[in-house]
Amino acid sequence: MKLLDFYASKGVFLSPKVEVAAIHGVGLRAAKAMGPGELVVSVPWSKCLWASDWVDDNNHNDQLFGKQADRLALRLASAWLDGSDLPLPTCRRRDLPVHWGPDRLSETTATPTLARKARQRRRRADELTKNRRQQKEAFAVDHALDAVSSRAFSVPRRVSPTNLLPWLLRSAFFKSSAGGGGGAGGGKGGERDLAIVPGADLLNCGGPTPGESTTRLFSVPLLERVEVRTSRRVDVGKELTLSYGARPNEDFFLNFGFVFKDNPYDTRRIENTTVTVRRGGVLDNDDDKDNKKDTARTKQEETSLQDRLQADLARLREAADRLDAPELARAYCREQVRLLEEIDQDQTLTDPPS
(Lines give C-alpha, C1' and ligand atoms only; values in the text may rest on other atoms or scores of the structure.)
Protein backbone atom coordinates (compact mmCIF):
# COMPACT_ATOMS: atom_id res chain seq x y z
CA MET A 1 0.00 0.00 0.00
CA LYS A 2 2.95 2.37 0.40
CA LEU A 3 3.19 3.01 -3.33
CA LEU A 4 -0.57 3.67 -3.60
CA ASP A 5 -0.36 6.07 -0.65
CA PHE A 6 2.53 7.87 -2.33
CA TYR A 7 0.53 8.31 -5.53
CA ALA A 8 -2.48 9.55 -3.54
CA SER A 9 -0.30 12.12 -1.77
CA LYS A 10 0.66 13.52 -5.17
CA GLY A 11 -2.93 13.91 -6.33
CA VAL A 12 -3.08 10.69 -8.37
CA PHE A 13 -6.15 8.55 -7.70
CA LEU A 14 -5.86 4.77 -7.88
CA SER A 15 -8.97 2.76 -7.20
CA PRO A 16 -9.14 1.03 -3.79
CA LYS A 17 -10.14 -2.06 -5.77
CA VAL A 18 -6.64 -2.40 -7.25
CA GLU A 19 -3.33 -3.38 -5.72
CA VAL A 20 0.29 -3.26 -6.80
CA ALA A 21 1.72 -6.70 -7.51
CA ALA A 22 5.01 -8.22 -8.67
CA ILE A 23 3.82 -9.02 -12.20
CA HIS A 24 6.56 -8.82 -14.85
CA GLY A 25 8.36 -6.50 -12.46
CA VAL A 26 5.52 -4.29 -11.26
CA GLY A 27 1.88 -4.29 -12.32
CA LEU A 28 -1.68 -3.75 -11.09
CA ARG A 29 -4.25 -6.42 -10.35
CA ALA A 30 -7.82 -6.45 -9.08
CA ALA A 31 -8.07 -6.78 -5.29
CA LYS A 32 -11.86 -6.85 -5.74
CA ALA A 33 -13.94 -7.78 -8.77
CA MET A 34 -14.42 -4.85 -11.14
CA GLY A 35 -17.14 -4.35 -13.72
CA PRO A 36 -16.87 -2.66 -17.13
CA GLY A 37 -16.34 1.10 -16.99
CA GLU A 38 -14.99 1.29 -13.45
CA LEU A 39 -12.34 3.89 -12.70
CA VAL A 40 -8.83 2.51 -12.23
CA VAL A 41 -6.59 5.59 -12.42
CA SER A 42 -7.46 9.29 -12.51
CA VAL A 43 -4.76 11.94 -12.95
CA PRO A 44 -5.18 15.73 -13.20
CA TRP A 45 -3.66 17.18 -16.34
CA SER A 46 -1.42 19.26 -14.08
CA LYS A 47 0.16 16.08 -12.68
CA CYS A 48 1.10 14.74 -16.10
CA LEU A 49 4.15 15.69 -18.13
CA TRP A 50 3.33 16.85 -21.67
CA ALA A 51 5.59 17.04 -24.71
CA SER A 52 3.90 20.30 -25.75
CA ASP A 53 4.97 21.95 -22.46
CA TRP A 54 8.67 21.77 -23.29
CA VAL A 55 10.17 25.22 -23.77
CA ASP A 56 13.77 25.26 -24.92
CA ASP A 57 15.66 27.77 -22.82
CA ASN A 58 18.52 27.86 -25.35
CA ASN A 59 16.30 29.33 -28.07
CA HIS A 60 16.80 26.44 -30.46
CA ASN A 61 14.33 26.09 -33.28
CA ASP A 62 11.97 23.14 -33.60
CA GLN A 63 14.15 21.27 -36.09
CA LEU A 64 15.93 19.52 -33.24
CA PHE A 65 13.11 19.38 -30.72
CA GLY A 66 10.20 18.98 -33.11
CA LYS A 67 9.54 15.32 -32.43
CA GLN A 68 7.12 14.74 -29.60
CA ALA A 69 9.17 11.93 -28.06
CA ASP A 70 12.29 14.10 -28.00
CA ARG A 71 10.42 17.04 -26.50
CA LEU A 72 8.88 14.85 -23.81
CA ALA A 73 12.27 13.30 -23.00
CA LEU A 74 13.72 16.78 -22.50
CA ARG A 75 10.71 17.73 -20.36
CA LEU A 76 11.12 14.60 -18.23
CA ALA A 77 14.87 15.08 -17.82
CA SER A 78 14.26 18.68 -16.76
CA ALA A 79 11.71 17.55 -14.16
CA TRP A 80 14.19 15.05 -12.73
CA LEU A 81 16.98 17.60 -12.54
CA ASP A 82 14.69 20.23 -10.97
CA GLY A 83 13.65 17.79 -8.24
CA SER A 84 9.98 17.58 -9.24
CA ASP A 85 7.81 15.90 -6.61
CA LEU A 86 5.64 14.25 -9.27
CA PRO A 87 5.63 10.41 -9.24
CA LEU A 88 7.74 10.03 -12.40
CA PRO A 89 9.23 6.85 -13.92
CA THR A 90 12.83 6.46 -12.80
CA CYS A 91 14.03 2.98 -13.82
CA ARG A 92 16.99 2.86 -16.18
CA ARG A 93 16.92 -0.09 -18.56
CA ARG A 94 20.41 -0.45 -19.95
CA ASP A 95 19.63 -4.13 -20.51
CA LEU A 96 17.06 -3.31 -23.20
CA PRO A 97 18.01 -4.57 -26.66
CA VAL A 98 18.03 -0.99 -28.00
CA HIS A 99 21.24 -0.61 -25.95
CA TRP A 100 22.87 -3.88 -26.98
CA GLY A 101 24.74 -2.23 -29.83
CA PRO A 102 24.36 -2.78 -33.59
CA ASP A 103 26.92 -5.59 -33.85
CA ARG A 104 25.37 -7.68 -31.08
CA LEU A 105 21.86 -7.10 -32.43
CA SER A 106 22.85 -8.18 -35.94
CA GLU A 107 24.68 -11.22 -34.62
CA THR A 108 21.95 -12.47 -32.28
CA THR A 109 18.82 -11.62 -34.29
CA ALA A 110 19.89 -11.86 -37.97
CA THR A 111 17.90 -8.64 -38.46
CA PRO A 112 19.79 -5.65 -39.93
CA THR A 113 16.83 -3.29 -39.38
CA LEU A 114 17.21 -3.70 -35.61
CA ALA A 115 20.84 -2.63 -35.80
CA ARG A 116 19.81 0.40 -37.86
CA LYS A 117 17.19 1.42 -35.30
CA ALA A 118 19.70 1.04 -32.47
CA ARG A 119 22.07 3.39 -34.33
CA GLN A 120 19.23 5.88 -34.83
CA ARG A 121 18.46 5.75 -31.10
CA ARG A 122 22.10 6.46 -30.30
CA ARG A 123 22.18 9.38 -32.74
CA ARG A 124 19.03 10.84 -31.18
CA ALA A 125 20.59 10.68 -27.73
CA ASP A 126 23.80 12.27 -29.02
CA GLU A 127 21.90 15.08 -30.75
CA LEU A 128 19.82 15.87 -27.68
CA THR A 129 22.74 15.77 -25.28
CA LYS A 130 25.57 17.37 -27.25
CA ASN A 131 24.81 20.87 -25.93
CA ARG A 132 24.36 19.76 -22.32
CA ARG A 133 27.13 21.29 -20.25
CA GLN A 134 27.04 18.83 -17.36
CA GLN A 135 27.37 15.05 -17.53
CA LYS A 136 24.34 14.58 -15.29
CA GLU A 137 22.20 16.51 -17.80
CA ALA A 138 23.31 14.28 -20.66
CA PHE A 139 22.75 11.19 -18.52
CA ALA A 140 19.23 12.36 -17.60
CA VAL A 141 18.24 13.01 -21.22
CA ASP A 142 19.56 9.63 -22.38
CA HIS A 143 17.70 7.97 -19.50
CA ALA A 144 14.53 9.93 -20.31
CA LEU A 145 14.52 8.65 -23.90
CA ASP A 146 14.24 5.12 -22.47
CA ALA A 147 11.36 6.11 -20.18
CA VAL A 148 9.46 7.90 -22.93
CA SER A 149 9.84 5.01 -25.40
CA SER A 150 8.21 2.62 -22.94
CA ARG A 151 6.15 4.73 -20.51
CA ALA A 152 4.55 7.55 -22.51
CA PHE A 153 0.99 7.62 -23.87
CA SER A 154 -0.53 9.32 -26.89
CA VAL A 155 -3.38 11.46 -25.53
CA PRO A 156 -5.72 13.99 -27.22
CA ARG A 157 -4.42 17.51 -26.71
CA ARG A 158 -5.68 19.32 -23.65
CA VAL A 159 -8.68 21.55 -24.28
CA SER A 160 -10.11 23.79 -21.56
CA PRO A 161 -13.83 23.32 -20.82
CA THR A 162 -14.60 26.80 -22.21
CA ASN A 163 -13.07 25.84 -25.56
CA LEU A 164 -14.55 22.36 -25.65
CA LEU A 165 -17.44 23.02 -28.07
CA PRO A 166 -15.28 24.77 -30.71
CA TRP A 167 -12.72 21.99 -30.32
CA LEU A 168 -15.36 19.29 -30.91
CA LEU A 169 -16.65 21.07 -34.01
CA ARG A 170 -13.13 21.57 -35.35
CA SER A 171 -12.28 17.95 -34.60
CA ALA A 172 -15.34 16.69 -36.48
CA PHE A 173 -14.46 18.89 -39.48
CA PHE A 174 -10.84 17.76 -39.70
CA LYS A 175 -11.81 14.13 -39.18
CA SER A 176 -14.27 14.23 -42.07
CA SER A 177 -11.79 16.15 -44.25
CA ALA A 178 -9.13 13.50 -43.65
CA GLY A 179 -11.23 10.79 -45.24
CA GLY A 180 -11.96 8.80 -42.09
CA GLY A 181 -8.47 8.44 -40.67
CA GLY A 182 -7.36 11.90 -39.62
CA GLY A 183 -8.96 12.38 -36.23
CA ALA A 184 -6.02 10.94 -34.34
CA GLY A 185 -3.28 12.87 -35.98
CA GLY A 186 -4.69 15.16 -38.63
CA GLY A 187 -5.77 18.76 -38.22
CA LYS A 188 -5.85 20.91 -35.14
CA GLY A 189 -9.03 19.42 -33.74
CA GLY A 190 -7.66 15.90 -33.80
CA GLU A 191 -4.10 16.56 -32.69
CA ARG A 192 -2.60 14.36 -30.02
CA ASP A 193 0.05 15.01 -27.43
CA LEU A 194 2.55 12.66 -25.83
CA ALA A 195 2.39 12.45 -22.05
CA ILE A 196 3.78 10.73 -18.99
CA VAL A 197 0.68 9.74 -16.96
CA PRO A 198 1.58 8.76 -13.36
CA GLY A 199 -0.26 5.63 -12.27
CA ALA A 200 -1.13 4.55 -15.80
CA ASP A 201 2.52 3.62 -16.30
CA LEU A 202 2.05 0.85 -13.71
CA LEU A 203 -0.18 -1.06 -16.14
CA ASN A 204 1.53 -3.76 -18.17
CA CYS A 205 0.70 -4.47 -21.80
CA GLY A 206 -2.14 -6.93 -22.31
CA GLY A 207 -1.25 -7.88 -25.86
CA PRO A 208 -0.54 -6.47 -29.30
CA THR A 209 -4.23 -5.69 -29.99
CA PRO A 210 -6.41 -3.34 -27.88
CA GLY A 211 -9.08 -6.01 -27.41
CA GLU A 212 -6.67 -8.15 -25.36
CA SER A 213 -6.28 -5.49 -22.65
CA THR A 214 -8.69 -5.00 -19.76
CA THR A 215 -8.56 -1.18 -19.53
CA ARG A 216 -8.66 1.90 -21.75
CA LEU A 217 -7.16 5.35 -21.33
CA PHE A 218 -9.22 8.52 -21.89
CA SER A 219 -8.77 12.28 -21.69
CA VAL A 220 -11.70 14.03 -19.95
CA PRO A 221 -11.68 17.76 -20.85
CA LEU A 222 -14.61 18.66 -18.57
CA LEU A 223 -12.65 17.37 -15.56
CA GLU A 224 -9.21 18.25 -16.98
CA ARG A 225 -8.00 14.75 -16.16
CA VAL A 226 -6.65 11.62 -17.81
CA GLU A 227 -8.51 8.49 -16.73
CA VAL A 228 -8.05 4.75 -17.10
CA ARG A 229 -11.24 2.67 -16.90
CA THR A 230 -11.92 -1.04 -17.20
CA SER A 231 -13.14 -2.17 -20.62
CA ARG A 232 -14.68 -5.41 -19.34
CA ARG A 233 -15.17 -7.38 -16.12
CA VAL A 234 -11.98 -8.18 -14.22
CA ASP A 235 -12.13 -10.92 -11.59
CA VAL A 236 -10.34 -10.85 -8.26
CA GLY A 237 -6.62 -11.52 -8.62
CA LYS A 238 -6.55 -10.88 -12.37
CA GLU A 239 -4.05 -8.42 -13.82
CA LEU A 240 -5.23 -5.07 -15.14
CA THR A 241 -3.60 -4.34 -18.50
CA LEU A 242 -3.49 -1.54 -21.03
CA SER A 243 -2.82 -1.54 -24.77
CA TYR A 244 0.58 -0.14 -25.78
CA GLY A 245 -0.61 0.36 -29.35
CA ALA A 246 -0.49 -1.64 -32.56
CA ARG A 247 3.24 -2.36 -32.84
CA PRO A 248 5.38 -4.97 -34.57
CA ASN A 249 7.49 -7.24 -32.38
CA GLU A 250 10.66 -5.33 -33.25
CA ASP A 251 9.30 -2.32 -31.30
CA PHE A 252 8.31 -4.45 -28.31
CA PHE A 253 11.67 -6.23 -28.48
CA LEU A 254 13.85 -3.13 -28.69
CA ASN A 255 12.04 -0.78 -26.29
CA PHE A 256 10.17 -3.06 -23.87
CA GLY A 257 12.19 -6.26 -23.72
CA PHE A 258 9.49 -8.78 -24.71
CA VAL A 259 7.72 -10.13 -27.81
CA PHE A 260 4.24 -11.49 -28.49
CA LYS A 261 3.47 -14.79 -30.12
CA ASP A 262 1.60 -14.47 -33.45
CA ASN A 263 1.55 -10.67 -33.24
CA PRO A 264 -0.84 -9.65 -36.07
CA TYR A 265 1.15 -6.42 -36.59
CA ASP A 266 4.49 -8.16 -36.92
CA THR A 267 6.62 -7.26 -39.92
CA ARG A 268 9.84 -8.42 -41.57
CA ARG A 269 12.09 -6.71 -44.07
CA ILE A 270 13.40 -9.61 -46.15
CA GLU A 271 17.16 -9.30 -46.15
CA ASN A 272 18.78 -8.15 -49.40
CA THR A 273 15.42 -7.02 -50.83
CA THR A 274 13.26 -3.90 -50.82
CA VAL A 275 10.23 -5.86 -49.58
CA THR A 276 8.67 -5.71 -46.11
CA VAL A 277 6.06 -8.35 -45.31
CA ARG A 278 3.42 -8.79 -42.64
CA ARG A 279 0.83 -11.45 -41.93
CA GLY A 280 -1.37 -11.52 -45.02
CA GLY A 281 1.17 -10.33 -47.58
CA VAL A 282 3.38 -7.42 -48.58
CA LEU A 283 3.28 -4.36 -46.37
CA ASP A 284 5.49 -2.15 -48.47
CA ASN A 285 7.89 -2.18 -51.39
CA ASP A 286 10.55 0.51 -50.97
CA ASP A 287 11.72 0.10 -54.54
CA ASP A 288 8.25 0.93 -55.90
CA LYS A 289 7.99 3.95 -53.59
CA ASP A 290 11.49 5.30 -54.27
CA ASN A 291 11.28 5.01 -58.04
CA LYS A 292 7.63 6.09 -58.18
CA LYS A 293 6.90 3.81 -61.11
CA ASP A 294 5.45 0.39 -61.76
CA THR A 295 8.07 -2.29 -61.15
CA ALA A 296 6.01 -5.42 -61.77
CA ARG A 297 8.21 -8.44 -61.18
CA THR A 298 8.94 -10.97 -63.85
CA LYS A 299 8.63 -14.67 -63.03
CA GLN A 300 12.41 -14.82 -62.67
CA GLU A 301 12.38 -11.89 -60.20
CA GLU A 302 9.63 -13.54 -58.12
CA THR A 303 11.66 -16.74 -58.01
CA SER A 304 14.66 -14.74 -56.88
CA LEU A 305 12.54 -13.15 -54.14
CA GLN A 306 11.40 -16.57 -52.97
CA ASP A 307 15.04 -17.66 -52.85
CA ARG A 308 15.89 -14.66 -50.70
CA LEU A 309 12.98 -15.44 -48.40
CA GLN A 310 14.31 -18.98 -47.95
CA ALA A 311 17.81 -17.67 -47.27
CA ASP A 312 16.45 -15.21 -44.71
CA LEU A 313 14.49 -18.03 -43.06
CA ALA A 314 17.64 -20.12 -42.81
CA ARG A 315 19.53 -17.27 -41.11
CA LEU A 316 16.67 -16.73 -38.65
CA ARG A 317 16.38 -20.43 -37.79
CA GLU A 318 20.09 -20.57 -37.12
CA ALA A 319 19.88 -17.50 -34.85
CA ALA A 320 16.85 -18.94 -33.01
CA ASP A 321 18.86 -22.10 -32.21
CA ARG A 322 21.96 -20.31 -30.91
CA LEU A 323 22.48 -21.44 -27.33
CA ASP A 324 24.89 -18.59 -26.60
CA ALA A 325 22.33 -15.91 -27.55
CA PRO A 326 19.98 -14.24 -25.01
CA GLU A 327 16.63 -15.99 -24.72
CA LEU A 328 14.86 -12.76 -25.66
CA ALA A 329 16.74 -12.61 -28.96
CA ARG A 330 15.93 -16.25 -29.66
CA ALA A 331 12.25 -15.63 -28.90
CA TYR A 332 12.24 -12.72 -31.34
CA CYS A 333 13.84 -14.88 -34.03
CA ARG A 334 11.32 -17.66 -33.47
CA GLU A 335 8.45 -15.24 -34.07
CA GLN A 336 10.11 -13.91 -37.23
CA VAL A 337 10.50 -17.50 -38.42
CA ARG A 338 6.79 -18.12 -37.82
CA LEU A 339 5.91 -15.01 -39.82
CA LEU A 340 8.04 -15.93 -42.83
CA GLU A 341 6.86 -19.55 -42.73
CA GLU A 342 3.26 -18.33 -42.92
CA ILE A 343 4.11 -16.07 -45.85
CA ASP A 344 5.92 -18.91 -47.59
CA GLN A 345 3.18 -21.47 -46.93
CA ASP A 346 0.30 -19.19 -47.95
CA GLN A 347 2.19 -17.97 -51.02
CA THR A 348 1.19 -14.41 -50.20
CA LEU A 349 4.48 -12.85 -51.26
CA THR A 350 2.97 -10.78 -54.06
CA ASP A 351 3.22 -7.20 -55.18
CA PRO A 352 1.30 -4.68 -53.07
CA PRO A 353 -1.93 -3.38 -54.65
CA SER A 354 -1.50 -0.40 -56.94
Check: With respect to the numbered conditions (1) at pLDDT below 80; (2) open to solvent by less than 10 Å² (accessible area, probe 1.4 Å); (3) aliphatic (A, V, I, L, M), which one is the sole condition not fulfilled by Leu88?
Finding: (2)
Item checked: Answer residue from the stretch 305-323, given it is surrounded by 13 or more Cβ atoms within 10 Å (Cβ to Cβ) and more than 14 Å from Leu340 (Cα to Cα) and is modelled with the highest pLDDT among those -> Ala319
Checklist line | Residue that is modelled with the lowest pLDDT [pool: residues in the stretch 9-30 that are touching a strand residue (DSSP E or B) at 6+ places or on another chain (Cβ under 7 Å) and open to solvent by 40 Å² or more (accessible area, probe 1.4 Å)] | finding: His24
Note to self: Within the stretch 137-171, take every residue that is open to solvent by 20 Å² or more (accessible area, probe 1.4 Å) and touching a Pro at 6+ places or on another chain (Cβ under 7 Å) and give me the one that is modelled with the lowest pLDDT.
What the structure shows: Leu164
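Quick check, is Asn263 under 24 Å from Ser42 (Cα atoms) and at pLDDT 90 or above?
On the way: under 24 Å from Ser42 (Cα atoms): no; at pLDDT 90 or above: yes.
Judged against the criteria, Asn263 is not a match.
State which residue is nearest to Gly25 (Cα to Cα) when the search covers only the stretch 172-211 and only residues that are modelled with pLDDT of 50 or more and assigned to a helix (DSSP H, G or I). So that I can check it myself, show each step before the final result.
Start the filter on the stretch 172-211 by keeping residues that are modelled with pLDDT of 50 or more, which leaves 172, 190-211.
Going one step further and asking which of them are assigned to a helix (DSSP H, G or I), we end up with 172, 190, 200-202, 210-211.
Numbers: Ala172: 41, Gly190: 35, Ala200: 15, Asp201: 12, Leu202: 10, Pro210: 22, Gly211: 23 Å.
Per the stated criteria, the residue is Leu202.
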Next item on the list: Could you list, in sequence order, all residues of the stretch 212-259 that are open to solvent by 20 Å² or more (accessible area, probe 1.4 Å), closer than 16 Å to Leu28 by Cβ and of a type in the set (Val, Ile, Thr)?
Entry: Val236
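Test Gly207 against the criterion of being in contact with a Pro (Cβ under 8 Å, 6 or more places away or on another chain) and of a type outside the set (Val, Ile, Thr), and give yes or no. Walk me through it before giving the result.
Details: in contact with a Pro (Cβ under 8 Å, 6 or more places away or on another chain): no; of a type outside the set (Val, Ile, Thr): yes.
In short, no.
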Next item on the list: Give me a count of the residues in the stretch 98-136 that are buried (at least 18 other Cβ atoms within 10 Å of the Cβ), part of a loop (DSSP other than H, G, I, E, B) and in contact (Cβ under 8 Å) with a residue 40 or more places away in the chain.
Entry: 2
Notebook entry, point to check: Taking the stretch 221-280, which residues are of a type in the set (Ser, Thr, Tyr), in contact with a helix residue (DSSP H, G or I) (Cβ under 7 Å, 6 or more places away or on another chain) and farther than 19 Å from Thr109 by Cβ?
Noted result: Ser243, Thr274
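The values are calculated or read from the model by the stated rules, or taken from the named source; none is laboratory data. For clarity, every value in this text was computed on a predicted model and none was experimentally measured. Cβ sites come from the backbone with ideal geometry, for glycine too, and all protein chains shown count toward neighbours. To get the accessible areas, we keep the full protein, side chains included, count just its heavy atoms, and leave off ligands, DNA and RNA. Shrake-Rupley method; radii C 1.70, N 1.55, O 1.52, S 1.80 Å.
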